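See below for the structure under consideration.
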Amino acid sequence: MVFELTKLPYAFDGLEPYIDARTVEIHYTKHHATYLANCNKALEAHPHFFDKSMEWILSNLDQIPEGIRTVVKNNGGGYFNHNLYWENMDLNGAKEPAGSLLSKIDSAFGNLANLKAEIEKTGLGRLGSGYAWLSQKNDGTLIVHATLNQDCPLSDGLKPLLVVDVWEHAYYLKYQNRRAEYLSNWWNIVNWDVVQNRFNK
């Protein structure tokens, strides 16, 4: 069965005033949906991959036929990365991490404020299109890093916990070229409960 567009956990205006409804609508129904359609089309000739999860596919790109590998990497990554992005935002979500995740953040970065500053710096430093992430290494270490275009941490053996999209289409209608303002405001809609659940897994 082909991969399907994950339902948004809120209405298009559910992230206002920090991300406007029109941006969410275009981002979700056009950009996200197009990555999904392109990935499904690429996999049509190899339908047994539809029995796998997208996490498995992006973690095992060397097993994807060479002729479609780049298309699947780019579009499957676009599909998966957007799923995580939408999921870890909620206007009414937990505003701060707690418990074991907070302890891990404090150990790795000193405090939550330092982590936020590092992610904003990383997002601003991502020249062109991509994402800023909080991910976990196999040894449990937390790292902040950026990926280019639709590259996914899974393909580098990392476990993604938190992601912010810094492609211009994620913020341009409201913020134009003010990526720093977008990143600063974005913390108002981060749902730390989702990040905690990813960490627990």
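Kindly identify the chain as rounded, prolate or oblate by the Cα gyration tensor criterion: order the square roots of the eigenvalues as a ≥ b ≥ c, call it rounded if a/c is under 1.5, otherwise compare a/b with b/c, prolate if a/b is larger, else oblate.
oblate
The count of lysine pairs in the chain with alpha-carbon distances below 15 Å, taking only pairs 8 or more places apart or on different chains, stands at 11.
For LEU161, the residues 5 or more places off, or on other chains, whose built amide H falls under 5 Å of its own are LEU134, SER135, GLN136. Its DSSP H runs of at least 4 residues, each contributing -39,500 (n - 2.57), put the calculated 222 nm mean residue ellipticity of the chain at -13500 deg cm²/dmol, to the nearest 500.
Each residue of region 8-17 was assigned a 3J(HN,Hα) from its phi angle through the Karplus expression (A = 6.51, B = -1.76, C = 1.60, θ = phi - 60°), giving 4, x, 7, 6, 4, 8, x, 10, 6, x Hz with x at Gly and Pro.
Can you list which of the DSSP-assigned H helices in the chain have a Cα extent of 24 Å or more along the long axis and an average Kyte-Doolittle score of at least -1.0? Numbers along the way, then the final one.
Working: long enough: 66-87 (31 Å, -0.86).
Helix filter hits for the chain: 66-87.
Could you tell me the relative contact order of region 1-156? Use alpha-carbon pairs under 8 Å, at least six residues apart, and round to a whole percent. Normalised by residue count, the contact order of region 1-156 is 22 percent. Rounded to the nearest 20, the size of the Cβ-charge dipole of region 1-135 about its Cα centre is 260 debye, with Lys and Arg at +1 and Asp and Glu at -1.
From the mean inverse distance of alpha carbon pairs (Kirkwood) and the Cα radius of gyration, derive Rg over Rh for region 21-87. Don't jump to the answer; show the numbers that get you there.
Values: Rg = 12.3 Å, Rh = 12.2 Å.
Value, to two decimals: 1.00.
The distance linking region 80-121 with region 174-201 is 8 Å (Cα centroid to Cα centroid, whole angstrom). Whole-Hz Karplus values for region 133-139 come out as 10, 10, 10, 10, 7, 4, 7 Hz, taken residue by residue from phi with 6.51 cos²θ - 1.76 cosθ + 1.60 and θ = phi - 60°; glycine and proline positions read x.
No lab work stands behind these numbers, since they all come straight from the coordinates. Computed from a predicted structure; not experimentally measured. Every residue, glycine among them, receives a Cβ derived from its backbone with ideal geometry; neighbour counts consider all protein chains shown.
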